[in-house]
Amino acid sequence: MGKKGKKEKKGRGAEKTAAKMEKKVSKRSRKEEEDLEALIAHFQTLDARKTQVMETTCSPPSPRLNASLSAHPEKDELILFGGEYFNGQKTFVYNELYVYNIRKDTWTKVDIPGPPPRRCAHQAVVVPQGGGQLWVFGGEFASPDGEQFYHYKDLWVLHLATKTWEQIRSTGGPSGRSGHRMVAWKRQLILFGGFHESARDYIYYNDVYTFSLDTFSWNKVSPSGLGPTPRSGCLMSVTPQGSIAIYGGYSKQRIKKDVDRGIQHSDMFLLKPEEGGEAKWMWTRINPSGIKPTARSGFSVAMAPNQQILIFGGVCDEEEEESLEGVFFNDLHFYDATKNRWFTAQLKGPKSEKKKRRRGKTGEHEGGSEQEREEAGAPEPLEVVKEVVAEDGTVVTIKQVLVAPKLAGWTTPEDESSAVEASGPEVEPCPRSSAMLAVKHGLLYVYGGMFEAGDCQVTLSDLYCLDLHKMEEWKVLVEMDPKTQEWLEETDSEEDSSSNEGAEGGEEDQEEDSGEESGEEEDPQHPEVAPGEQYADYLLRTEQHWLKLARDHVGPDMKEKRVLKVAQTMAKTFFDDSVGAAQAKH
């Protein structure tokens, strides 16, 4: 009796501490959220211009992470909503809606009046009711400088049959948060965890809420038993037995003032309905057999056709006191709830290639140099923005190619003979975190995400597909386009950081006017350097092009002499990079 009493007292104390922390975070973040609400309202004013549904066939979406990718319950379509993109200086957050037609291999941008505000790190769940519904809860909006965050607590439903957005207003729901998880269970939505962060404080959650799809009402439940500690970004999925599995996740812990330590959880729980009513739940901790995934966060989750839960990719942050370095993954792991067992996916490789390799001589396979083997598995070079300083101190930017360093996951097997027999896949998604997953007709689709190459955060826009029945090889549906990559070095210029509204809103306005993808409009086609051409001849031939770019950069009021210097600096940088690239190729 005494031990039980102590546990209950300890539990109540933890609840009080969490309540105090939430109140503290809420108070400190109120001012920040008021500032961001004005910016969000501005974007909603722009969205209010949409008065009818517009469907436009388009190229694949721009690079992004922390969006949602959902399979249509009736059609051969995938639905992509929201997400974010960081170019080194500014953060862009989206509320765009894209539809990928699987059979036609085409993308359509769908503009629907009255959409949810821009957000990322939200949750989206598809249910079959009414011809299909996409339910969206929460998420966050980040200021363009990435220093302030607004966490949503709104609930929206997209009626897929009529292509209409509707905000569902119901009291008693979860507080504002992002990084939470949500699943459809019978005729309910069940939500767990997440976090709320301001510039100075943060809080992680382990609460559970249910939302009835019949009564449109929220209910906070208090499961019995010892459940997971507060966390975000975990696995949450319904098992064939009707329970809900929770695995892993991420949280932060304050070590001392201004010093936090990230925690990558690796424990696993089941949330089960108790007998005697669906309103009562209980937590049970489980310890699956098999080989569970290595410690990581930022992994993506989907349900395989055989009711096995799969996770893909992620990152393991190796933290020092003053530095943070991530090791990224591109592996697949499955959890079989029936057997309570983890296992790692092994791809068979294409059959024709398998036979060809076995016929080949082992000596020929081993004859390739180590450099050739490494280059075969290395990611493509990526185009980024290079900053250049003109003679008068003006900072200008120019595109150049960045060769990404060797990443975790792009490794050559030590045992080459076993690689010949196994005939591992030649094509696969590069290691990444925060990618979007969806499964349709037994096919797994992986879209976007991010990885780091040195100090550069590379946001992806590629699309891969894997047949989960055959488990043979990945197929590339959308290749990574280096031209969409942009990386601007951090700057202390207040002018850059203060133009928040223009940076965030202008991109979409220009996109709407020109019909081009965001990113393409900032990537003009420069005149190519002719073979053997000297710089003086190149500048004479292309001077008007560079003068126009320079005027756009420094503004119309700048003296012509300074504009000319900036133009010549941009032209010389591009010329030298082009000549250097041509020499390296030959």
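Tabulated values for the structure
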item: Residue 338 - accessible surface, heavy atoms, 1.4 Å probe, Å² rounded to 10; result: 100 Å²
item: Sites matching trypsin sites (Lys or Arg not before Pro) across segment 423-471 that sit in DSSP coil, with at most 14 neighbouring C-beta atoms within 10 Å; result: 470
item: Residue 150 accessible area, assembled protein chains, probe 1.4 Å, Å²; result: 40 Å²
item: Segment 108-180: radius of gyration and largest Cα-Cα distance (Dmax), Å; result: 13.2, 41
item: Restraint check, 75/470; 220/272; 186/440; 220/440; 75/339, Cα-Cα greater than 25 Å; result: 220/440; 75/339
item: Inter-probe distance in nm under a simple model that places probes 7 Å from Cα toward Cβ, at residue 49 and residue 489; result: 3.6 nm
item: Segment 127-188: GluC sites (Glu not before Pro) in DSSP loop, at most 15 other beta carbons within 10 Å; result: 147
item: Sparse-neighbourhood loop sites, trypsin sites (Lys or Arg not before Pro) in segment 116-175 - DSSP loop, at most 13 other Cβ within 10 angstrom; result: 153, 169
item: Stretch gain in nm, segment residue 341-residue 274, where the contour uses 0.36 nm per residue and the Cα spacing is subtracted; result: 21.8 nm
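The values are calculated or read from the model by the stated rules, or taken from the named source; none is laboratory data. Treat the numbers as computed from the prediction; the structure is a model and nothing was measured. Glycine also receives a Cβ, built like all others from the backbone with ideal geometry; neighbour counts cover every protein chain displayed. Accessible surface is based on the protein model in full, side chains and every heavy atom, while ligands, DNA and RNA are left aside. Shrake-Rupley method; radii C 1.70, N 1.55, O 1.52, S 1.80 Å.
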